[in-house]
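The values are calculated or read from the model by the stated rules, or taken from the named source; none is laboratory data. Owing to the predicted nature of the structure, the values given are computational and were not obtained by experimental measurement. Here the Cβ is made from the backbone with ideal geometry for all residues, glycine too, and neighbour counts use every protein chain on show. What goes into the accessible areas is simple: the full protein's heavy atoms, side chains included, and nothing from ligands, DNA or RNA. Shrake-Rupley method; radii C 1.70, N 1.55, O 1.52, S 1.80 Å.
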Amino acid sequence: MTPPHLRVKDLGILVGLTLGAFFLDGYHPGVEDAEIYLPGILKRLNPALFPYNSEFFQSHAHMTLFPELIAGSIRVLHLPVGIGMLGWQLLCIFLLLFGCWRIARLCFREEYAIWCAVAFVGALLRLSAAGTGLYIMDEYLTPRSLSTPAALLAISEAIEGNYVRAEFGRLVFAWCIR
């Protein structure tokens, strides 16, 4: 039976799997729909950027608080934009794998089975979900990068009977995808 809480050893394995998944999948911060979210973040950091035709990305980026969250954290931590975006991407992968670990430990008794499940998800982050063309985790930062871990953590809390925390996770999920 696995311990109910994250141990230092588990944290180390999760960090290792996070880095492994990151290097396996790569990082491409300016591709696909990042063309909407990245300029939204940059515009919030420097309102003088994109003086013309910013409606292209603002029409979508203003629908969520995601650009505000990322830009605010970059501003507060005084990080270069590239480092801040990279840090958020790594954090999102870690949270996704942590959510998988939380669910896997409820499904399996053997520790090796739990870690195999988490590693399997980490290896398949770029797998298209149900043929939609959407990946489990994109190789760039989007609101889905936060909503997927939030959904997994909410599910694990609900399974454990922690309905208040599950509702909090559901609200974070809903906030990310609205």
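Only one item in (i) 16.1; (ii) 18.6; (iii) 17.2 matches Kirkwood radius over Cα pairs in Å derived from the coordinates shown, and that item is (iii). How about the stretch 81-147: which trypsin sites (Lys or Arg not before Pro) there are in a DSSP loop, with at most 15 other Cβ atoms within 10 Å of their Cβ? When the trypsin sites (Lys or Arg not before Pro) of the stretch 81-147 are filtered for loop state and at most 15 Cβ neighbours within 10 Å, R109, R126 remain. In the chain, the DSSP-assigned H stretches of four residues or longer account for a calculated mean residue ellipticity at 222 nm of -22500 deg cm²/dmol, using -39500 (n - 2.57) per stretch and the full residue count as denominator. When you restrict to C-alpha pairs under 8 Å that are six or more residues apart and normalise by the size of the chain, the relative contact order lands at 26 percent.
Which whole-number percent gives the relative contact order of the stretch 74-178, counting Cα pairs below 8 Å spaced six or more residues apart? Relative contact order here is 24 percent.
Expressed as a whole percentage, what fraction of the accessible surface of the chain belongs to carbon and sulfur atoms when a 1.4 Å probe is rolled over the protein heavy atoms? Carbon and sulfur: 71 percent of the exposed surface of the chain.
The residues of the chain present an accessible area of 54 Å² per residue when probed at 1.4 Å with all protein chains retained. Loop-located chymotrypsin sites (Phe, Trp or Tyr not before Pro) in the stretch 24-54 (DSSP state not H, G, I, E or B) with no more than 11 neighbouring Cβ atoms inside 10 Å: Y52.
Would you please classify the overall shape of the stretch 89-164 from the alpha carbon gyration tensor, given that a ≥ b ≥ c denote the square roots of the eigenvalues, rounded means a/c under 1.5, and beyond that prolate means a/b larger than b/c while oblate covers the rest? Here the stretch 89-164 falls in the oblate category. Across K9, K43, the residue with the most accessible area heads the list, and the full order at a 1.4 Å probe is K9, K43.
What is the distance in Å between the Cα centres of the stretch 100-178 and the stretch 13-48? Between the Cα centres of the stretch 100-178 and the stretch 13-48 lies a distance of 18 Å.
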